[in-house]
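Read through the structure below, which is laid out as structure tokens, and then see the notes.
Please treat every number below as a calculation from the coordinates, not as lab data. Bear in mind that the values here come from a model prediction, so they are computed numbers and not experimental data. For neighbour counting, all protein chains shown are included, and Cβ atoms are generated from backbone atoms with ideal geometry for every residue, glycine included.
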Amino acid sequence: MDGFSDEDLLSQDNTTTSMINESRTSFADSKSRPRLLTRTEILDAYEEKLEFKDDKEMVIENVSRVGLAKFARHASKQTIDSALNTVAWKTLGYLNDENGLKEVPDNPEILFSSASDILKSGIEKLDMDCPLFNQVLNGGMKCGTVTEITGESGSGKSQVCLHAASVQAVQGNPVIFLQTESSFPLSRLSQIILERSETEEEINETMNRIFIKKIQSYSHMLSVLNKDIEALIKDRGVKLLIIDSITAIIRGDKDIEDVGERTEILHSVGSKLQVLCNKYKIPVVVVNQVSSAIDYPGHTYGRKVIPSLGPMWTTFINTRLFVSKTDFKVSKE
């Protein structure tokens, strides 16, 4: 070729070959290099993983920086931090799937309440419409807490639950009643509501505010608590959740093989009840049975029986009411 020596052509060939090799290397690198995931993609994949493990929720208590980093190994530190902050804001109520990120406060103090503010705001309580119960509960059943009703057979535990459900329903508050033992005492509930209603229409309206579900096993209980119950609480504005009783699904389920599995089930149920009552600020009433206090090392308050389910269960309840039969009668003057 005119104007080009053999040396020039050789240099041009080497340059072209080098460019081709660099292009091939770059293409190979792009194929082997994993695409960096976004914050949203990481959280969506991680949430899907959690849903298939212990029915966990995507809240900050279940997510850690270490866990996210191990899950998304190729994500940058900034992306992991951003994903973690997103979960934290969502847990605190500043982020939801429908509306996106709400206005996030600049001052972190707004995320906390002073002791003075808490005292001024007080704690909402549900009126039990019974002077003795209101006195014992210091004004009524505290919202956002789990109250256990325990006592010997025939002491009136289920009666307390029916009373609480009917009182709230009469006052216009929807109630969820999870029944685990035998059949639901519908006739007794009707009698209690009839005493507090004046017309047939009022009775029907009150009965329609009480949502009853028969629980067959501990797995059925966990399924209802994890999948069904929140939708009903949101849709109907439920103000009270009652379980009568928690003991029946633990003692009577033959699928529970050992103490370890029993403890795990109690932990799952107790944790979910605490989440529900705190998230929706509703009181939860749970009936527990009793066991013999033979060789019991703790204090029995002079009783020959103690509440069942062991010390671990007590970490999930806020108030325990021990009911028993007496010869006293309460009447209206």
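Can you flag which of Lys214/Lys239; Lys70/Lys279; Lys157/Lys281; Lys77/Lys281 are past 27 Å Cα-Cα? Write out the running numbers ahead of the final one.
Details: Lys214/Lys239 19 Å; Lys70/Lys279 29 Å; Lys157/Lys281 23 Å; Lys77/Lys281 36 Å.
Where the Cα-Cα span goes over 27 Å, the pairs concerned are Lys70/Lys279; Lys77/Lys281.
Simple spin-label model, 7 Å along Cα-to-Cβ: Lys281 to Ser116 in nm?
2.2 nm
May I ask you to compute the full-extension gain from Ala69 to Ser308, defined as 0.36 nm times their residue separation minus their alpha-carbon distance, rounded to one decimal in nm? Working shown, then result.
Details: separation 239, 0.36 × 239 = 86.04 nm, distance 4.19 nm.
Separation in residues times 0.36 nm, less the Cα-Cα distance, equals 81.9 nm.
Between Ser271 and Val259, what length in nm is gained on full extension when 0.36 nm per residue of separation is reduced by their alpha carbon distance?
Values: separation 12, 0.36 × 12 = 4.32 nm, distance 1.80 nm.
Fully extending the segment from Ser271 to Val259 adds 2.5 nm.
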